[in-house]
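First comes the structure, then the notes that go with it.
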Amino acid sequence: MLFGVLSYCVFSLTPKKKGEDLATKEDIAEITKEIESVKDSYNKSLEKHKIKLQKEFESYKYINELCNSIDKELLRKLVTCKREMENDFRIHQDNDDYGSCEPSIKSLYDYLKNYDVRYKHDENVELIFEHYEKIEGLREYNEEGCGPFEKPQYIEELGRIHSYVDRLIASFLPKFTNKPEH
């Protein structure tokens, strides 16, 4: 009789226990499915974010390279202008025949005007504009027959432009730092 009672308990518990196990397996399967769905959604979102960041990085990289290229060309024009102005001062100092540096100053002026969005905030650029326009005014005034060409004022304006060109070149140079002594 004991065996019958035990077998009754075992058989009556077994289907209930199996049902609980099935429910647990179904719950685990559903939970796993939901986790996979969340993972998939997260991975898709992450991938979209990576693509967006990559596009932003590529855009920033392109703009940075473009700005570096523009700055490199500006430096080339500044150095050319500086060299030609110094040659003009050195060569024509004795015979008062200035003006051979004007094409390089005009080239610099035009370049800065083309990229004024990038450079107009710089005080030296504004001063180069101002004093080059004064030189143009002196030339036009003389060419229209309104008076003699003012060489002293012209030379003074060239000297000012030269100093602004120097300062603008210096603004592109890296700053020196003193290394601490060991």
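Assorted remarks:
- The residue that is modelled with the lowest pLDDT, counting only those in the range 89-106 that are of a type outside the set (S, T, N, Q) and within 19 Å of ARG167 (Cβ to Cβ), is PHE89.
- The range 125-182, subset aromatic (Phe, Trp, Tyr) and open to solvent by less than 100 Å² (accessible area, probe 1.4 Å), residue modelled with the lowest pLDDT: PHE149
- Flag if ARG76 is touching a helix residue (DSSP H, G or I) at 6+ places or on another chain (Cβ under 7 Å), surrounded by 10 or more Cβ atoms within 10 Å (Cβ to Cβ) and either in a helix (DSSP H, G or I) or at pLDDT 90 or above (or both): no
- Unique residue being among the hydrophobic types (A, V, I, L, M, F, W, C) and farther than 16 Å from LEU75 by Cβ when the list is LEU168, LEU138, LEU108, LEU112: LEU138
- Listed by first and then second residue, the pairs linking a residue in the range 77-89 that is farther than 11 Å from TYR111 by Cβ to a residue that is open to solvent by 40 Å² or more (accessible area, probe 1.4 Å) and part of a helix (DSSP H, G or I), with Cβ atoms under 7 Å apart and 6 or more places separating them unless they lie on different chains, are LYS82/ASP166.
- Whether a residue is under 14 Å from GLU102 (Cα atoms) and in a helix (DSSP H, G or I) was assessed, and ILE135 passes this test.
- Residue in the range 38-49 that is aliphatic (A, V, I, L, M), more than 29 Å from the chain's Cα centre (by Cα) and assigned to a helix (DSSP H, G or I) present: yes
- Members of the range 23-37 found to be open to solvent by less than 100 Å² (accessible area, probe 1.4 Å) and either at pLDDT 90 or above or not small (Gly, Ala, Ser) (or both), listed by number: THR24, ASP27, ILE28, GLU30, ILE31, THR32, ILE35, GLU36, SER37
The values are calculated or read from the model by the stated rules, or taken from the named source; none is laboratory data. All values derive from a computational prediction rather than experimental measurement. Don't worry about glycine lacking a Cβ; one is built from the backbone with ideal geometry, like all the others, and counts go over all protein chains shown. Ligands, DNA and RNA are excluded from the accessible area calculation, which covers all protein heavy atoms including side chains. Shrake-Rupley method; radii C 1.70, N 1.55, O 1.52, S 1.80 Å.
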